[in-house]
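Colleague: Structure incoming, see below.
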Amino acid sequence: MFSSEIPFEHWKLSGFESATAFLFPQIESTHSLMKTKAVAGDIAPGALIVADSQSAGRGRHERTWDSPAGKNLYFNILVPLDGIAPNSFAQITQVTALTFAEVFNAMGEQSNGAPAGDNGERITVKWPNDILFGKSKFCGILAEIVFVPAQSNSAATPASSTASCATTAPQRKPALSLGVGINVNSDPADYAHLGRSVTTLKAIFKKQINREKLLRALVASLERAIGQFKAFGISPWVNAWRKMDQFIGCRGTIVVNNNCTDANRNSGEGSIKKSGCILDMNPDGSLLFKTDDGEVQTVYSADLEI
């Protein structure tokens, strides 16, 4: 993981089940391109889109994700959802966060022990799908369900069925466009203008990282994890999450604001904020939270501020 890397245009990558990987030196957003191509049927579930830089990278709720060239990882995987119940789709982002955190911690073991900061910081997860070092974020995950053609556009239509299909809408099935941004070889100072705590893998490990090797490891680990998730559900992941999550039992603030952006994230405009104690992660992956007024809530979708 800590070897020198070859130029981006020569990376050898693939998606799930050896699906095609598409590499772009510069692009507006891997997430936007994945959605467009997936809905059009131009790429199949399992495909991987990778950019060396993004001009319009984004995170949750349209927040900016800074994407300098040649330093970090920006990619999307079109996750097949066959065999996964719709009420479990959201849990995939939690499985992804935990899987990636385990990969990062394994890197630490290769680098003379798990990373720890001056104040005992370590790589952990924070509900719902953040990966942090201490309280500093370095990996973001953005997921969106897209409906792709049940068959590729390139599939031939039998001549005998042409007339009957002419007025029938094409069948579609859901897939998950899973977008990931990881601060790899950039520096924390590069993000000072964001006004929030951000770090990078280079700062954590004190070494340059081979981004191609790291991405290969992440994709392979995630593919195995999705297979295990299909077989066993979220329960094993909840138990593993509880062991890694350093914030269970701590104070926090639940922020419900589907319109939150960089512009209003600090003003609280249009948001509902409730402070209290993080009690636990429920068996279904939701958060158990006790507000300061004593109400115990089950939270399915929100941001969690620590």
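The values are calculated or read from the model by the stated rules, or taken from the named source; none is laboratory data. Every value quoted in this text rests on a predicted model; they were computed, and no experiment measured them. Ideal geometry is used to build each Cβ from the backbone, glycine not excepted, and the neighbour counts take in all protein chains shown. Remember, those area values only see protein heavy atoms, side chains included, never the ligands or the DNA or RNA. Shrake-Rupley method; radii C 1.70, N 1.55, O 1.52, S 1.80 Å.
Colleague: Quick check on my link table: of 126/206; 173/290; 126/274, which ones sit more than 29 Å apart, alpha carbon to alpha carbon?
Modeller: From the list (126/206; 173/290; 126/274), the Cα-Cα distance tops 29 Å for 173/290.
Colleague: Which value, in Å² and to the nearest 10, is the accessible area of residue 305 when all protein chains are kept and the probe is 1.4 Å?
Modeller: 80 Å²
Colleague: Could you please report the charge total around residue 91, scoring K, R as +1 and D, E as -1 over all other residues with beta-carbon less than 13 angstrom from its beta-carbon? All intermediate terms of the calculation are to be shown ahead of the outcome.
Modeller: Working: positive: 230; negative: 284.
That works out to 0.
Colleague: Within the set 12/135; 71/273; 12/37; 137/230; 135/243, which residue pairs have Cα atoms separated by over 26 Å? Could you put the intermediate results ahead of the total?
Modeller: On the way: 12/135 34 Å; 71/273 35 Å; 12/37 21 Å; 137/230 28 Å; 135/243 17 Å.
Checking Cα-Cα distances, 12/135; 71/273; 137/230 exceed 26 Å.
Colleague: Accessible area, 1.4 Å probe, largest first: how do 24, 8 sort?
Modeller: Values: 24 55, 8 15 Å².
Highest to lowest solvent-accessible surface, that is 24, 8.
Colleague: Another question about this same structure. With the crude spin-label approximation of a point 7 Å out along Cα→Cβ, what separation in nm comes out for residue 306 versus residue 273?
Modeller: Inter-label distance under the simple model: 1.8 nm.
Colleague: How do 34, 1 stack up against each other in accessible area, from largest to smallest, with a 1.4 angstrom probe?
Modeller: Numbers: 34 0, 1 45 Å².
The ordering from most to least exposed comes out as 1, 34.
Colleague: Provide the solvent-accessible area of residue 235, counting protein heavy atoms only and rolling a 1.4 Å probe, rounded to the nearest 10 Å².
Modeller: 60 Å²
Colleague: Next question. Quick check: residue separation of residue 10 and residue 106 times 0.36 nm, minus the Cα distance between them. What number comes out in nm?
Modeller: Working: separation 96, 0.36 × 96 = 34.56 nm, distance 2.58 nm.
So the extension gain works out to 32.0 nm.
Colleague: Now for a different question. Ordering 196, 211 from largest to smallest accessible area (1.4 angstrom probe), what's the sequence?
Modeller: Details: 196 70, 211 5 Å².
So the residues, ranked largest to smallest area, are 196, 211.
Colleague: For residue 291, what is the net charge nearby, where nearby means another residue's Cβ is under 13 Å from its Cβ and Lys, Arg count +1, Asp, Glu -1? Please report the intermediate quantities before stating the final value.
Modeller: Values: positive: 251, 273, 274, 290; negative: 292, 293, 295.
Here the charged neighbours net out to +1.
Colleague: Leaving ligands, DNA and RNA out of it, work out the accessible area of residue 280 with a 1.4 Å probe and give it in Å² to the nearest 10.
Modeller: 50 Å²
Colleague: Between residue 28 and residue 172, what FRET efficiency comes out of the Förster formula 1/(1 + (r/R0)^6) with R0 = 22 Å and r the beta carbon distance, rounded to 0.05?
Modeller: Numbers: r = 25 Å, r/R0 = 1.13.
So, using R0 = 22 Å, E works out to roughly 0.30.
Colleague: Follow-up question, since we're still on this one. What does the extension gain come out to for residue 150 and residue 213, with contour length at 0.36 nm per residue minus their alpha carbon separation?
Modeller: Numbers: separation 63, 0.36 × 63 = 22.68 nm, distance 3.24 nm.
Stretched fully, the residue 150-residue 213 segment lengthens by 19.4 nm.
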